Amino acid sequence: MPKLTINGSEIQVPEGRSVLEACREHGIPVPTLCYHPALEPYGACRLCMVEVSSPPRPSRLVASCVHPCEEDAVIETDSEAVRKSRKTTIELLLAGAHNDPMLLALAEEYGVKEIRFTLPEEDLCVLCGLCVRACREIVGVGAISLINRGMARKVSTPFQIASSTCIACGTCVLICPTDAIKLKDITHFHSVHGADSEFERVYCQICDDVDLSPVVIQDVDVLVGAKVDQEADLE
Ligand code: SF4
Ligand code: FES
């Protein structure tokens with residue numbers, strides 16, 4: 001049970017907790033984008049950066065969603081360095097998704113007045129990878145992935161052709177934080193996704209109970225609840 005200090009308060013957390021989980025459990029706000037409690041942490045968006053000092057090492061910025069709680073660590077979640085880092089990250093995220101309400105709210109909170117970086121075309125996808133991981137970890141299908149590098153990086157089916165494994169359940173659509181995926185885009189990938197298509201029943205990989213057959217999921221929180229319940233059973 002490591003003991004650490006977050007924003008001046010000493011806390012003790014169960015072994016194996018990330019700094020972000022410790023913050024959430026103690027009501028300390030840390031913004032996130034690529035984190036989802038139902039999925040393995042990914043450390044991609046860098047919004048959740050916090051400042052960690054573990055004397056004698058100098059303080060450094062780390063992504064709290066993938067950084068473990070270490071004994072005697074001193075963590076600041078809202079220091080000047082943290083706010084500066086988040087401000088730049090928000091600017092970068094807004095470069096393509098410049099009208100996204102969630103990012104605009106963060107920009108307001110962190111005082112982003114102008115966006116120095118712009119993409120030639122609006123692109124709502126911020127490459128958080130949530131859709132890809134949800135498809136793999138919850139649905140157990142892996143129909144989509146992040147392809148290409150640099151500016152060409154994007155979410156797609158393998159070889160950008162119709163996926164033979166996509167079941168059109170809509171989990172990727174529901175989990176996307178910026179509404180970058182539309183169900184029609186996914187079904188377009190798969191020519192048999194017409195209204196009269198027949199699908200084999202597919203069940204959630206986590207709870208083995210939620211039916212993931214096409215377009216039956218109303219709320220991704222159902223899946224999160226299943227994951228949280230499963231973890232509680234294991235503790
Ligand atoms: S489509 Fe949405 S969920 Fe998928 S990587 Fe892009 S922003 Fe993230
Ligand atoms: S939430 Fe931690 S890096 Fe995205």
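The values are calculated or read from the model by the stated rules, or taken from the named source; none is laboratory data. Since we're looking at a predicted model, the values are computed, not measured. Please note: Cβ atoms are built from the backbone with ideal geometry, for glycine as well, and neighbour counts cover all protein chains shown.
Pairing each residue of region 137-153 that is in the same structural domain as Cys172 (by TED's automatic domain parsing) with any residue that is assigned to a helix (DSSP H, G or I) and loosely packed, with under 15 Cβ neighbours inside 10 Å, provided the two are 6+ apart or on different chains, yields C-beta distances under 7 Å for Ser145/Pro158. Total residues in region 128-156 satisfying the condition of being of a type in the set (A, V, I, L, M) and surrounded by fewer than 18 Cβ atoms within 10 Å (Cβ to Cβ): the figure is 4. Residue pairs whose Cβ atoms lie under 6 Å apart, sitting 6 or more positions apart in sequence or on different chains, and linking a residue in region 1-30 that is farther than 12 Å from Val74 by Cβ to a partner that is charged (D, E, K, R) and modelled with pLDDT under 95, are Pro2/Glu71; Gln12/Lys3. How many residues, within region 93-147, are touching a Phe, Trp or Tyr at 6+ places or on another chain (Cβ under 6 Å) and over 20 Å from Lys182 (Cβ atoms)? Of the residues in region 93-147, 1 are touching a Phe, Trp or Tyr at 6+ places or on another chain (Cβ under 6 Å) and over 20 Å from Lys182 (Cβ atoms). Residue by residue through region 37-51, note down the ones that are more than 6 Å from ligand 2 (Cβ to nearest atom), charged (D, E, K, R) and touching a residue at least 40 places away in the same chain (Cβ under 8 Å). Scanning region 37-51 gives a single hit, Glu40.
For region 52-72, taking the residues that are within 14 Å of ligand 2 (Cβ to nearest atom) and free of Cβ contacts under 8 Å to residues at least 40 places away in the same chain, the one that is farthest from the chain's Cα centre (by Cα) is identified as Val52.
To keep it simple, each residue is scored yes or no on (1) within 14 Å of ligand 1 (Cβ to nearest atom); (2) closer than 23 Å to Glu10 by Cβ.
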{"site": "Gly27", "(1), (2)": "no, yes"}
{"site": "Thr32", "(1), (2)": "yes, no"}
{"site": "Glu40", "(1), (2)": "no, no"}
{"site": "Asp72", "(1), (2)": "no, yes"}
{"site": "Leu94", "(1), (2)": "yes, no"}
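Can you spot a residue in region 73-80 that is within 16 Å of ligand 2 (Cβ to nearest atom), surrounded by fewer than 22 Cβ atoms within 10 Å (Cβ to Cβ) and outside any strand (DSSP E or B)? Yes, some residue in region 73-80 is within 16 Å of ligand 2 (Cβ to nearest atom), surrounded by fewer than 22 Cβ atoms within 10 Å (Cβ to Cβ) and outside any strand (DSSP E or B).
In this structure, Glu10 does not qualify as assigned to a helix (DSSP H, G or I) and surrounded by fewer than 21 Cβ atoms within 10 Å (Cβ to Cβ). Residues in region 45-61 that are aliphatic (A, V, I, L, M) and either buried (at least 19 other Cβ atoms within 10 Å of the Cβ) or at positive phi (or both): Leu47, Met49, Val50, Val52. Look through region 81-100, keep the residues that are free of Cβ contacts under 8 Å to residues at least 40 places away in the same chain and within 13 Å of ligand 2 (Cβ to nearest atom), and return whichever of them is farthest from Lys154 (Cα to Cα). Selected residue: Val82. Residues considered: Asp219, Asp196. Of these, the only one that is surrounded by fewer than 16 Cβ atoms within 10 Å (Cβ to Cβ), within 18 Å of Leu130 (Cα to Cα) and modelled with pLDDT under 65 is Asp219. Of the set (1) more than 15 Å from ligand 2 (Cβ to nearest atom); (2) part of a strand (DSSP E or B); (3) farther than 29 Å from Pro2 by Cα, all apply to Leu146 but (1). Can you pull out every residue in region 139-168 that is modelled with pLDDT of 85 or more and hydroxyl-bearing (Ser, Thr, Tyr)? Result: Ser145, Ser156. Residues in region 131-167 that are among the hydroxyl-bearing types (Ser, Thr, Tyr) and closer than 19 Å to Asp211 by Cβ: Thr165 only.
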